[in-house]
1. Please work out whether the stretch 66-144 counts as rounded, prolate or oblate from its C-alpha gyration tensor, where a ≥ b ≥ c are the square roots of the eigenvalues and a/c under 1.5 means rounded, while otherwise a/b larger than b/c means prolate and anything else oblate?
2. Can you pull the percent of the stretch 76-183's accessible area that's carbon plus sulfur, 1.4 Å probe, other chains left in place?
3. Based on the mean of other Cβ atoms within 10 Å per residue, sort peptides 104-110, 169-175 so the most packed one is first.
4. How big is the dipole moment of the stretch 79-202 about its Cα centre under a simple scheme where the beta carbon of each Lys and Arg is +1, that of each Asp and Glu is -1, and everything else is neutral? Debye, nearest 20, please.
5. Helix-only estimate, please: 222 nm mean residue ellipticity of the chain, summing -39500 (n - 2.57) across DSSP H runs of length 4 or more and dividing by its residues, to the nearest 500.
6. Starting from 0 in steps of 5 Å, tell me what percent of the Cα-Cα pairs of the stretch 135-245 lands in each bin.
7. Restricting things to Cα coordinates, could you compute the convex hull volume per residue of the chain in Å³?
8. Taking amide H positions as placed 1.01 Å from N in the peptide plane, with prolines and chain starts having none, which residues 5 or more places from Val138, or on another chain, fall under 5 Å of its amide H?
Amino acid sequence: MRIDHPGLCGVPASGLHVAVIMDGNGRWASNRGWPRLVGHRKGAERVRELVAACPDLGIRYLTLYAFSTENWKRSTEEVMGLMSLFARYIKREAARMNHEGVRMRVIGDRTRLDAKLIGLIDWIERETAGNDRVHLTVAMNYGGRNEIARATGAIARDVAAGKIRAEEISDALVSRYLDTAVLPDPDLVVRTSGETRVSNFLLWQAAYAEYVFTPVLWPDFTPQTMQTILDAFAARERRFGGVVA
Ligand code: IPE
Ligand code: IPE
Ligand code: MG
C-alpha cells in the first residue's frame, strides 16, 4: 500500500509543525536555590531565542504550552507571575515578531483570563495577523479536554440552530471547531524535563504526532537542542497506519 501522505521524514507541504511542552522551569530554579519565577523568566528568554531560530530550523509552526487548565492549582504568586510574564512577553516582543514575520495566536479557554490580558491577546493577534513566516501559537489556560468540550458545545449549538446536521459531524468537522482550526496537526511534540506524559496537551491534534522526551530542563533548551531533536525526528518512519513499501 502506498502512503498518501507527505514525505517519510514527515515534513508536510504546509511546513513542519513542532509543539513543545515547556517543562522544568521550577526545578531549574530550585536546583539553584532560586524562586520558581526566576526559572519561568529564563524560560521566556528561551522562547524568544527559539522563535527567532525557527526559520533556520525549518519550523513553520511552533506551538508552545505556557499554562494549562490545571496550572491554577499553583500558588497565587506563581499563577500571577506567569500571567504577567506572558503579558510582558507580548508587549516586549510585538515589534520583534513583526520584524521576524511571526504571526502569534493564542489557544485555550480565555473566559478565565483577566480582561486586560484578553485585550492584549486580541491586540497581538491583530497586530501580527499579516505575518506568515513563522506561526507561533501559545497555549494559555489550555487543556485538550477543555478544548474538546468547548468544541462539542459549539457543535451542539450549531446543530440545534440548524446550521449543521448531526450526520455531518466528522473528524474534519470537529477539527474545525477546535481552537487550532486554522493550524495543521503537529508533526512532533517535544516535552522537556524528563517527564513522559502528555498533561492534557493537544489530545485531538497529536493523534499521529511523533513524541520526543528530553531530560533537558526548559531554561536550558537552546535552538541547538531543538536541532538535535529534529535530526532524530527526521530519521523516524511515520506510517500513519499504513505499510511502508
Ligand atoms: C513549566 O515548568 C512551566 C509551566 C508549567 C507553567 P514547571 O513550572 O512545571 O517546572 P517544574 O516541572 O516544576 O520543574
Ligand atoms: C505541563 O506542565 C503544562 C505546561 C508546560 C504549561 P506541568 O508541569 O503543569 O505538568 P505536570 O503537572 O507535570 O503533569
Ligand atoms: Mg512541570
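1. Values: a/c = 2.17, a/b = 1.83, b/c = 1.19.
The shape class here is prolate.
2. Numbers: 2940 of 5760 Å².
Using a 1.4 Å probe with all protein chains present, the stretch 76-183 comes out at 51 percent carbon and sulfur.
3. Details: 104-110: 20.4, 169-175: 12.0.
Answer by packing, highest mean first, reads 104-110, 169-175.
4. Details: 19 positive and 17 negative charges, 88 e Å.
Magnitude of the dipole: close to 420 debye.
5. Numbers: 7 runs with 102 residues, N = 245.
It comes out at -13500 deg cm²/dmol, rounded to the nearest 500.
6. Each 5 Å bin holds this share of Cα pairs: 2, 9, 16, 19, 18, 14, 10, 6, 4, 2, 0.
7. On the way: hull volume 33.8 nm³, N = 245.
Spread over its residues, the Cα hull of the chain gives 138 Å³ apiece.
8. Amide H neighbours of Val138, under 5 Å, 5+ apart: Leu64, Arg105, Val106, Ile107.
The values are calculated or read from the model by the stated rules, or taken from the named source; none is laboratory data. The structure displayed is predicted, hence computed values, not measured ones. A quick note on method: Cβ atoms are made from the backbone with ideal geometry, for glycine too, and the neighbour counts reach across all protein chains shown. For accessibility, only protein heavy atoms count, side chains too; no ligands or nucleic acids. Shrake-Rupley method; radii C 1.70, N 1.55, O 1.52, S 1.80 Å.
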